[in-house]
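Each remark here refers to the structure printed beneath this line.
The values are calculated or read from the model by the stated rules, or taken from the named source; none is laboratory data. Just so it is clear, the structure is predicted and the values come from calculations on it, not from any experiment. Note that each Cβ is placed from the backbone with ideal geometry, even for glycine, and that neighbours are counted across all protein chains shown.
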Amino acid sequence: MADQYVYSATGRRKHASARVYLKYPGTGQFVINKRLLDQYFGRETSKMILMQPLALTEQVGNFDVYVSVRGGGLSGQAGAIKHGISRALTHANPDFRPILKRAGFLTRDARIKERKKYGQRGARARFQFSKR
């Protein structure tokens, strides 16, 4: 039996957090929360976002990807998984780091929803003002 290697990493985006496990050698299978990629993500753009780090490093089909993701919406979860895959690929092969770093895939996107402030209708929207 051939040696199998598992690389794990955590990716985050907005309120979503993803634990990503890459198994090498693999067949290119994607399992997200015990469901296949097509069953979990309906949008093609979300599927494309997930494949970007693997396509950039020319590793599509070389790894099996197992993901446990929680929190946020589907778009945030896709970004968290992409971040996790990128970090796991750098564990698998340190030579991928400059490629992924240049593309911006290793940078945690820190943008989150701004909180609502008291005395206002929302984060920045004010209540309607009238002089009289």
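Which residue pairs have Cβ atoms under 6 Å apart, sit 6 or more places apart or on different chains, and have a first residue in region 34-61 that is touching a residue at least 40 places away in the same chain (Cβ under 8 Å) and a second that is assigned to a loop (DSSP other than H, G, I, E, B) and buried (at least 18 other Cβ atoms within 10 Å of the Cβ)?
From residues that are touching a residue at least 40 places away in the same chain (Cβ under 8 Å), the pairs are Pro53/Phe105.
State whether the residues of region 92-113 include one that is touching a Phe, Trp or Tyr at 6+ places or on another chain (Cβ under 6 Å), part of a helix (DSSP H, G or I) and surrounded by 15 or more Cβ atoms within 10 Å (Cβ to Cβ).
yes
I'm trying to understand the selection: among the residues of region 62-74, which are without any contact (Cβ under 8 Å) to a residue 40 or more places away in the chain and not aliphatic (A, V, I, L, M)?
Answer for region 62-74, where residues must be without any contact (Cβ under 8 Å) to a residue 40 or more places away in the chain and not aliphatic (A, V, I, L, M): just Asn62.
List, please: which pairs have Cβ atoms under 9 Å, are six or more places apart or on different chains, and start with a residue in region 109-132 that is without any contact (Cβ under 8 Å) to a residue 24 or more places away in the chain and on the phi > 0 side of the Ramachandran plot and end with one that is surrounded by 10 or more Cβ atoms within 10 Å (Cβ to Cβ) and part of a loop (DSSP other than H, G, I, E, B)?
Short answer, once both residue conditions are applied: Gly119/Arg126.
Quick one: would you say Thr45 is in a loop (DSSP other than H, G, I, E, B), among the β-branched types (Val, Ile, Thr) and out of contact with any Gly (no Cβ under 8 Å at 6 or more places or on another chain)?
The answer is no for Thr45.
Kindly evaluate Lys82 against the criterion of being surrounded by 19 or more Cβ atoms within 10 Å (Cβ to Cβ), under 30 Å from Lys113 (Cα atoms) and among the basic types (Lys, Arg).
Yes: the conditions hold for Lys82.
Restricted to region 1-32, and to residues that are modelled with pLDDT of 90 or more and among the aliphatic types (A, V, I, L, M), which residue is nearest to Ala88 (Cα to Cα)?
So, considering only residues that are modelled with pLDDT of 90 or more and among the aliphatic types (A, V, I, L, M), the one nearest to Ala88 (Cα to Cα) is Ala9.
Kindly list the number of the only condition in (1) farther than 15 Å from Ala18 by Cα; (2) within 15 Å of the chain's Cα centre (by Cα); (3) not in a loop (DSSP other than H, G, I, E, B) that fails for Gly79.
(1)
Within region 1-30, restricting attention to residues that are charged (D, E, K, R) and in a strand (DSSP E or B), which residue is surrounded by the most Cβ atoms within 10 Å (Cβ to Cβ)?
Arg13
Taking Arg35 as meeting all but one of (1) out of contact with any Phe, Trp or Tyr (no Cβ under 9 Å at 6 or more places or on another chain); (2) surrounded by fewer than 18 Cβ atoms within 10 Å (Cβ to Cβ); (3) within 20 Å of Phe105 (Cβ to Cβ); (4) not β-branched (Val, Ile, Thr), write down the number of the exception.
Failed condition: (3).
So in region 42-79, with the set limited to residues that are among the small types (Gly, Ala, Ser) and at positive phi, which one is surrounded by the fewest Cβ atoms within 10 Å (Cβ to Cβ)?
Restricting to residues being among the small types (Gly, Ala, Ser) and at positive phi, the top hit is Gly61.
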